[in-house]
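Since the structure comes first, as structure tokens, the remarks are kept for the end.
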Amino acid sequence: MHTLKKPFLSMKKLSLSFIFSCIAMALFAQTGVYDLTTVPDAVKKNANMITRKEAIQFEVKDIDRAYLTVDKIFTVLNENGKDVLDFHEFTNKYIDLTDAEIRVLDAAGKTVSKFKKSEMTTVANGDGLIDEGKVTFFSVPAPVYPITVQFKYEVRYKGTMMYPQYTVQSAGEGVQESSFTLKVPASLDIRYKEKNISLAPVVKTVGEDKFYEWTVSNRAPLESEPGAVSFESRYPTIQLAPNRFKLYDYDGEMSTWKAFGNWEYGLLQGLNALSPERKTFFTTLVKDAGTDKEKVRMVYQYLQKNFRYVSIQLGIGGYRPFAASFTDEKKYGDCKGLSFYTHSVLEALGIKSYVALINAGYNKEPADINFPCNVFNHMILCVPMQKDTVWLECTSNTNDFGVLGNFTENRNALLVTPEGGILVATPRSKSSDNRLVSHSKVQLAEDASGESASTWQTSGEYTQDIIHYIRDENRDNQKKFLVNYYGFQQPDDFSVLKADAAEGAATEIRMTLEKVPEFIAGNKMFLRPRLYKLINGKLPKAENRQQDYFFECPFQKVDTTAYRLPVGYIAEAMPAEKKLQCRYGSYISKCWYSAAENTLYSTATLELFQHRIPAADYAAVKTFFDDVLKNDAQRMVIKKQ
């Protein structure tokens with residue numbers, strides 16, 4: 001189970017020069033129903049694309065059959081809206097793209113060029129280990145803007161666990177006319193939830209069927225707000241969910257979280273068997289452990305060292321893992337496979353655990369306790385202990401034991417238990433859980449060159465960064481990450497070494513620099529207070545912020561940097577001590593000179609108390625971080641006597 005990514009989009013060779021010339025001639029002479037003069041100014045202003053006319057119909061035939069038809073005509077106004085010209089639909093064993101057609105239209109609605117499904121590209125999706133479905137895609141060429149395009153396609157569902165949602169509009173999109181109609185047998189009915197919009201449907205019953213229709217018109221574009229909640233929760237949307245569903249031969253109910261968990265629990269039955277030899281192996285592995293928690297730790301660390309994560313979708317729509325014996329033999333699996341395998345091992349050791357469905361991503365909205373719906377894209381493991389609960393991210397080879405990280409913390413997870421589904425909160429990390437404590441020593445030479453040695457003690461998300469992007473990468477990637485992400489100067493030579501650490505991880509970074517000072521003026525050198533940047537760039541603008549802002553995680557950064565000066569140099573000027581505070585963060589910095597050591601010292605501590613900032617408080621937080629940047633931009637000055 002994983003979030004699907006859009007592949008690189010390209011088109012087949014289709015006599016492009018002829019197509020381009022036809023499109024260009026038609027579009028330069030736009031007059032008629034799709035002329036932009038027919039669009040209200042409020043819909044056009046600040047738009048990158050405009051939905052001219054959209055009709056979406058979703059018909060549920062039965063508990064295991066449904067059809068979606070889409071007919072959308074839109075005009076792309078400029079280069080910033082070109083992404084919508086990329087048609088792409090994912091298919092698998094229970095979702096089939098039965099037909100698709102793309103037309104380029106002139107202002108009068110006349111077809112300039114047409115592309116059938118047979119002219120589109122269809123490729124396998126995923127890592128290729130098993131059949132994970134396919135993606136059909138096509139990129140509409142746009143020699144000039146504006147360009148008006150029509151997408152028409154039909155999708156057949158052979159299972160009904162996931163209903164399509166009605167996304168009313170996205171950032172930069174003006175909407176002239178759009179509708180979503182749903183037809184469902186009244187005996188099944190559906191549930192819906194409005195998100196970021198107040199839009200009631202027209203509901204009517206005709207015979208044995210029930211109809212819902214949502215319509216909108218003349219909606220002004222929305223502004224994109226960087227750092228907001230994940231895309232699927234960001235824009236005006238009507239979320240749909242079944243009461244009863246069927247996926248292949250498995251009937252299920254989703255009217256309650258308990259019922260949905262019951263369905264998932266049924267999928268797992270009969271998959272947990274391990275061979276007697278493997279049971280004996282794990283019993284021997286944990287024989288010296290004093291507590292169950294220590295046994296869980298040893299099993300988890302064994303998993304991290306011997307198994308690898310592979311992003312695949314397996315079984316019933318990605319919700320039924322391979323058998324534990326398969327994962328044990330292959331030594332790889334996706335989130336379901338690895339989580340269920342760990343559950344099976346612990347079960348063999350007499351330790352209770354539950355797999356848990358969760359919507360993963362640092363800026364994901366928690367599942368709504370009052371609206372049971374399949375919003376999940378990941379699986380983790382919950383191990384209840386006598387005094388506490390251990391949560392395990394079984395796909396990670398680097399996570400500390402019992403630490404989920406920002407991918408799944410602060411969320412609601414659906415525990416899959418014999419009694420059904422139970423929605424529970426995952427842990428909420430504190431700033432002290434994600435620490436970067438650095439100590440740097442710089443030996444500065446009279447010619448401005450120097451050598452530095454930095455020791456980084458890390459925990460939580462910073463350990464993931466260090467191990468994934470620095471310690472285990474090749475030298476080119478190490479340098480790119482140190483220079484481009486953390487803001488180190490370009491080194492002439494460097495090394496990244498693992499260091500001893502009582503907790504978390506420790507890394508030593510050594511550099512040789514041809515020029516240490518930021519700049520030199522006469523007999524003076526201007527030095528940065530730190531070798532790297534505490535924060536990487538300004539936060540997005542605060543004016544008219546409508547949505548909460550998400551940092552990657554709450555954090556603590558503590559830095560101490562010591563410049564050993566060349567003989568004959570002394571400190572001339574240093575920034576004054578600075579203290580900054582806001583509701584969500586604090587900062588303190590200090591500089592001093594030790595004449596006895598001929599060394600210039602700089603310290604700083606920056607702390608963010610929580611990762612999600614309410615929109616109403618964002619302006620104050622931005623001001624706080626802007627002030628931190630200003631203070632860190634000051635320079636320490638040394639001079640030759």
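Values in this text are rule-based calculations from the coordinates and carry no lab data. Note that this is a predicted model, so its numbers are computed, not measured. When we count neighbours, we look across all protein chains shown, and the Cβ atoms used for this are built from the backbone with ideal geometry, even at glycine.
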Open item on the list: Counting only other residues whose beta carbon sits under 14 Å from that of TRP263, what net charge do I get with K and R as +1, D and E as -1?
Closed with: -2
Task: Cβ-based net charge around GLU329, under 14 Å, with every Lys or Arg adding one and every Asp or Glu removing one - done: +2
Open item on the list: Can you tell me the orientation of helix 16-27 relative to the chain, as the angle in degrees between its alpha-carbon axis and the longest Cα principal axis, to the nearest 10?
Closed with: 80 degrees
Task: Filtered trypsin sites (Lys or Arg not before Pro), the range 580-641: DSSP coil and at most 14 other beta carbons within 10 Å - done: ARG583
TODO: Enumerate by residue number the trypsin sites (Lys or Arg not before Pro) in the range 247-351 meeting two conditions: DSSP loop (anything except H, G, I, E, B), and at most 16 other Cβ atoms within 10 Å of the site's Cβ.
DONE: LYS287, LYS331
TODO: Scan the range 361-426 for GluC sites (Glu not before Pro) in coil per DSSP, keeping those whose Cβ has at most 13 other Cβ atoms within 10 Å, and list them by number.
DONE: GLU419
Task: Nearby aspartates and glutamates by direct alpha-carbon distance to LYS479 (threshold 17 angstrom, same-chain neighbours under 8 apart not counted) - done: GLU451, ASP465, ASP492, ASP493, GLU508, GLU514
Open item on the list: Given Cβ point charges of +1 (Lys, Arg) and -1 (Asp, Glu) and nothing else, what value in debye, to the nearest 20, does the dipole of the range 256-425 about its Cα centre take?
Closed with: 280 debye
TODO: Could you tell me how many degrees, from 0 to 90 and to the nearest 10, lie between the Cα long axis of helix 335-348 and the main elongation axis, the longest principal axis, of the Cα atoms of the chain?
DONE: 80 degrees
Task: Extreme residue, positive dipole direction of the range 482-585, given options PHE526, GLY487, ALA576 (C-beta unit charges) - done: ALA576
- [ ] Rounded, prolate or oblate: pick one for the range 340-487, where a ≥ b ≥ c are the square roots of the eigenvalues of its C-alpha gyration tensor, a/c under 1.5 means rounded, and failing that, prolate if a/b is larger than b/c, else oblate.
- [x] prolate
Open item on the list: Once you order the gyration tensor axes a ≥ b ≥ c over the Cα atoms, which shape class does the range 451-522 get: rounded for a/c under 1.5, otherwise prolate or oblate by comparing a/b with b/c?
Closed with: prolate
- [ ] Take the cross-link list LYS246/LYS295; LYS193/LYS387; LYS93/LYS117 and give me the ones stretching past 29 Å between alpha-carbons.
- [x] LYS246/LYS295; LYS193/LYS387
- [ ] Calculate the dipole size of the range 16-247 relative to its Cα centre from +1 charges on Lys and Arg beta carbons and -1 charges on Asp and Glu beta carbons; express the result in debye to the nearest 20.
- [x] 380 debye
- [ ] For the range 256-425, report the translational diffusion coefficient in µm²/s to the nearest whole number, using Stokes-Einstein at 4 °C, 1.567 mPa s, and a Kirkwood Rh over Cα pairs.
- [x] 81 µm²/s
Task: 222 nm mean residue ellipticity, helices alone, for the chain (DSSP H n ≥ 4; -39,500 (n - 2.57); rounded to 500) - done: -4500 deg cm²/dmol
Task: Charge tally in the Cβ shell below 12 Å around GLY227, where Lys, Arg are +1 and Asp, Glu are -1, GLY227 excluded - done: +3
